[in-house]
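Contents: one structure, followed by commentary.
The values are calculated or read from the model by the stated rules, or taken from the named source; none is laboratory data. Note that the structure is predicted; figures quoted are calculated from it, not measured. For neighbour counting, all protein chains shown are included, and Cβ atoms are generated from backbone atoms with ideal geometry for every residue, glycine included.
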Amino acid sequence: MFKLGGVDFSQSMTVVSVSLLDFVLMLQAAKAGMRHQATAQVSLSDRGEQWWFSRQRGVVWLRIRDRFDQAWINGSCPAEVFENLVDQCLSDALRLMCWEHPELRHNQYLQSLNDVS
């Protein structure tokens, strides 16, 4: 489940399961993009839907189409909350992956992800 400002954005991903790492890296890309620009448009690697992020006056806004492509889903939260949420998602994803597959603890790429946040 991924909620931002009380809005559940995970409903857009219920038809086909999502790679946890892919999802977290998408959020990291949005966070990194908004460090340099006010907006970031990102998507998961295996689907065409776009997630639009924008930062305005200390608030991060997220906008996606619903799973039936009939309406927009909008949510927002303070930028600091968003950045902490993204960092926590990354930490939790890596912890879960290493719990399930202890050999991943030695993967240099996964270790380097902790340095990104």
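Numbers below:
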{"item": "Residue in region 72-90 that is loosely packed, with under 14 Cβ neighbours inside 10 Å, over 24 Å from SER112 (Cβ atoms) and at pLDDT below 90 present", "result": "yes"}
{"item": "Among (1) in contact (Cβ under 8 Å) with a residue 12 or more places away in the chain; (2) surrounded by 14 or more Cβ atoms within 10 Å (Cβ to Cβ); (3) not in a strand (DSSP E or B) - the single one LEU104 does not satisfy", "result": "(1)"}
{"item": "Residue match in region 11-20 (condition: in a helix (DSSP H, G or I) and at pLDDT 75 or above)", "result": "yes"}
{"item": "Looking only at region 21-49, and only at residues there that are modelled with pLDDT under 90 and of a type in the set (Gly, Ala, Ser), the one that is nearest to GLY75 (Cα to Cα)", "result": "SER43"}
